[in-house]
Amino acid sequence: MSVVTDNRAGSPLSGLLRLLLRNHIWVFLALTVIVFSLSSPYFLTVNNIGNILTQGAFIGILAIGMTMVMIDGEIDLSVGAILALASALAIGLQDHMGVWPAVFLGLMSGAALGFLNGTLVALSGMHSFIVTLGGLIGIRGLVFVYSGENALMVPDFSYTEIPEIYLGPISLTAMLFFALAFFFQWVLSSTRHGRETYAVGDNIEAAHDAGINVKRHKIINFTICGTLAAVCGILLSMRLGTAEPNAGKIWELWTIIAVVLGGTRLQGGFGSMWMTIGGVLTLAVLRNGLRLLNTPNYVELMVMGGVLVLALVLDKLLNHKGDT
Amino acid sequence: MGQTINGLLRRHGLLLAFLVFLGGVAVNADAFLTLGNILDVLRQVSITGMMALGVTFVVLTGRLDLSVGSMLTLLTVIVVDQHNVAGPFLAIVMTLLAGLALGAFNGLLVGFVGLNSLIVTLAMLSFLQGLVLFYSGGSNVNIANAQETWFKVFGRGDFLGLPVPVIVFLMGAVIAGFVLQFTTFGRRIYGVGGNETASIFSGIDARWTVFWAYVVSGLTTGVAAIIMGSRVMGAQNTIGQGYELTVLAGVILGGTSLLGGSGSIWRTVIGISMLGFIQNGLLLLGFAYYVQWLVTWAVIIIAVWIDLGAKRGRIFA
């Protein structure tokens with residue numbers, strides 16, 4: 001409370017300070033970029049930036065849907081499993097019906113499972129943590145039942161060339177991530193659905209009393225989250241040309257880390273796609289930079305854990321709820 | 001009158017459903033309800049069960065612990081590695097102390113710093129997995145003298161016809177149940193989970209209560225690691241991966257509320273055993289291994305929904 005809103009609130013300096021504090025993830029991102037640029041000559045190159053954006057885009061697309069659900073005050077643990085199913089269907093069905101119908105059905109599987117998650121949450125009143133924890137276990141089972149423990153191979157490798165479109169160094173995958181992020185930021189800030197998302201997450205009783213159809217609303221957001229997970233799975237299948245049954249395992253955790261790192265709160269009612277983009281990029285820069293520095297794998301895992309706790313502590317110190 | 005039926009359902013509905021399931025499998029698979037098979041299942045669930053006991057304490061305070069899977073890996077690696085270096089007795093002591101310390105660290109961050117438990121333990125999941133790779137250098141560790149050491153008793157031994165891990169698990173359950181029901185600490189756990197503000201106004205220090213709940217969780221994970229190390233006589237770097245979800249699934253299946261304040265040890269024992277018997281029963285019926293995951297999904301949703309519906313008095317929210 002004290003740092004941000006004491007009596008200097010009017011001066012331009014404190015305005016800037018407040019802006020920085022509220023978007024501390026971007027400050028942190030800038031710092032990591034500077035540190036890695038100074039410590040590795042390969043980091044700040046056009047190619048590597050392109051790589052970072054592509055690598056980050058996969059978690060990023062998951063994170064967009066997760067942000068919608070989280071602002072609602074819910075959580076979706078099943079995105080990793082949905083991703084694996086969509087990727088398996090998109091590749092496995094190609095033999096039977098051709099590329100695009102298979103991709104479409106992959107997408108639909110994600111939408112359907114998201115819809116199922118949302119419906120179960122809305123109708124039963126169970127916590128989404130439980131519903132999607134069940135989904136995480138069961139949908140992974142579906143993937144194994146479908147693929148029979150084998151990695152599915154794409155029949156025609158021209159499939160892997162579909163996302164090989166570049167705008168300068170920026171891949172189609174990365175462009176898609178940014179396009180989706182901007183679109184859903186627009187949804188959040190400029191549409192009725194977006195305003196309702198904040199309202200529901202902030203105070204579900206009040207939102208209900210204000211005439212918002214809370215159940216339908218939540219179902220829509222879970223469906224969005226499932227569909228985006230399927231988009232991510234299909235892009236992954238295009239990138240790899242195979243669909244592994246274990247694809248996307250614990251990606252839901254990385255996704256939650258990215259979103260929370262950005263500053264969106266688990267309690268709901270607060271967050272934005274700008275924050276999530278910041279969190280996703282920070283995560284991607286950290287992973288990429290640490291690898292360029294040839295650090296062993298364990299350092300990456302430990303740094304992620306440390307940064308996440310640090311982000312929480314910072315968030316607690318700088319932005320108490322109701323202070324924004 | 002509707003109240004009593006609801007009460008009955010609420011208290012014993014889960015047990016009834018479980019018995020119906022057991023009966024259904026027993027009719028179709030002769031080997032299911034034999035003593036040998038039941039002991040096998042209990043032996044399998046003793047590790048997740050032991051962890052679930054501690055996690056129940058945490059969940060009862062309204063918090064989560066996602067770090068127990070990575071913690072299990074780390075502690076198993078420690079007990080196996082130190083067994084070769086310092087001998088079985090010291091290895092066990094070290095493992096338990098490490099478990100207590102890790103639990104205390106979680107407890108410090110959640111209880112005293114007041115951070116969100118899901119994120120903190122998620123961060124610990126990542127951090128501890130890194131620590132595992134750091135400690136082991138990425139290679140698997142094995143117990144050198146697997147045949148001679150008395151350490152094997154925890155995972156492989158029998159006492160009075162019962163497997164030792166099952167005895168350890170059941171004793172742990174009795175102690176944990178006693179602590180929750182009959183000690184001040186146990187009542188405080190329920191108090192903090194039920195209504196934290198009210199508990200603070202009643203003079204309970206919620207911070208310490210949460211702290212000790214995590215310490216218990218670390219301790220039970222330490223015990224589970226000893227069983228695991230003794231059973232496998234080695235430790236891979238991913239040996240505990242995903243265990244946090246199985247454990248949570250068991251706790252939730254038992255009907256312990258994630259909001260805290262409602263649940264019990266015997267519910268967790270039932271929930272985690274159910275997962276074990278479902279897995280075993282489906283395998284005996286000839287289903288592929290991963291079909292159990294689909295069934296687990298359905299069972300979690302249905303069990304929790306019925307439990308919630310009974311408490312609420314109607315099915316839909």
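When each full DSSP H helix of chain B is screened for a Cα extent of at least 27 Å along its own axis and an average Kyte-Doolittle hydropathy of at least -0.5, the helices passing are B:2-28, B:35-60, B:88-107, B:117-136, B:206-232, B:265-284, B:291-312. Among the residues of A:119-131, the average count of other protein chain beta-carbon atoms within 10 Å of the residue beta-carbon is 5. Under 5 Å between amide hydrogens, built in the peptide plane, is the criterion, and for B:ALA317 it picks out A:SER124, A:GLY125 among residues at least 5 positions away or on other chains. A DSSP coil position with no more than 11 other Cβ atoms inside 10 Å describes the following trypsin sites (Lys or Arg not before Pro) in the range B:230-317: B:ARG314. Loop-resident chymotrypsin sites (Phe, Trp or Tyr not before Pro) (DSSP state other than H, G, I, E or B) in the range A:31-113 with no more than 15 further Cβ atoms inside 10 Å of their Cβ: A:TYR42. For the range A:155-241, the list of GluC sites (Glu not before Pro) that fall in a loop by DSSP and count at most 11 other C-beta atoms within 10 angstrom reads A:GLU164.
Rounded to the nearest 20 debye, what is the charge dipole size of chain A about its Cα centre when +1 sits on each Lys and Arg Cβ and -1 on each Asp and Glu Cβ? Write down the numbers at each step before the final one.
Details: 16 positive and 18 negative charges, 121 e Å.
Dipole size: approximately 580 debye.
All of the numbers you see were taken from the coordinates with simple rules; none came from a lab. This is a predicted model, so every value here is computed, not measured. Cβ: placed from backbone, ideal geometry, glycine included. Neighbour counts: every protein chain shown.
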